[in-house]
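The values are calculated or read from the model by the stated rules, or taken from the named source; none is laboratory data. Everything numeric in this text was worked out from a predicted model, so none of it was measured. Using ideal geometry, Cβ is built from the backbone for each residue, glycine included, and neighbour counts are taken over all protein chains shown. Please note that ligands, DNA and RNA were not included when accessible areas were found on the heavy atoms of the full protein model with its side chains. Shrake-Rupley method; radii C 1.70, N 1.55, O 1.52, S 1.80 Å.
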Amino acid sequence: MLTPEEVRDLLVPRVVGKWDEGGCVALEVTDLEVVVRGRKFDVYLEVVAPDGRWSVRSERDSSDINVFNGSPPEDLLAWIARSLRIDVSEWWHTKGREAYARKQGVRIDG
């Protein structure tokens with residue numbers, strides 16, 4: 001079984017960095033934290049956006065929990081990284097309109 005810190009270390013190179021949102025908006029993930037909740041886990045991403053610094057939570061479902069089993073397959077890591085990017089992008093584009101998205105992100109400063 002991997003620890004949350006070990007899973008974090010596997011995800012960081014795939015997720016942390018500047019993301020170009022098709023030339024419209026540049027978001028940068030500067031760090032992430034993995035928090036286990038029973039048979040599920042959350043990933044908290046620290047995001048620098050044009051309007052400040054945010055902590056954005058991505059709830060992972062029970063199928064993603066397999067990332068904690070020994071040496072996770074590359075396709076599972078790639079899937080989780082891709083879905084984290086999708087979650088952050090959706091949060092950014094809907095945080096002003098959707099109640100769920102507003103709860104997903106907390107402003108750290110800015």
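Along each principal axis of its Cα atoms, how long is segment 68-110 end to end? Whole angstroms, biggest number first, please.
Principal-axis extents of the Cα atoms in segment 68-110, largest first: 38, 18, 17 Å.
Please list, ordered by chain and number, the residues whose modelled amide H lies under 5 Å from the amide H of Leu27; skip anything fewer than 5 residues away on the same chain.
Correct list: Trp19, Glu21.
Taking just the C-alpha trace of the chain, give me its Rg and Dmax in Å.
13.7, 40
Rank these by accessible area, largest first, 1.4 Å probe: Val16, Val29.
Correct descending sequence by accessible area is Val16, Val29.
Could you provide, to the nearest whole Å², the per residue accessible area of the chain with probe 1.4 Å?
56
Search the structure for amide H atoms under 5 Å from the amide H of Phe41, placed 1.01 Å from N in the peptide plane, and list their residues when 5 or more places away or on another chain.
Arg60
Could you look at segment 4-107 and say what percent of its accessible area is carbon and sulfur, using a 1.4 Å probe and all protein chains?
50
Let me have the 222 nm mean residue ellipticity of the chain computed from DSSP H runs of 4+ only, each contributing -39500 (n - 2.57), with the sum over all residues rounded to the nearest 500.
-11000 deg cm²/dmol
Charges at C-beta only: +1 for Lys and Arg, -1 for Asp and Glu. How large is the resulting dipole of the chain about its Cα centre, in Debye rounded to 20?
On the way: 16 positive and 20 negative charges, 81 e Å.
It works out to roughly 380 debye.
With a cut-off of at most 14 other beta carbons within 10 Å, and DSSP calling the residue loop, which trypsin sites (Lys or Arg not before Pro) in segment 37-108 qualify? Please list them.
Passing sites in segment 37-108 are Arg39, Arg97.
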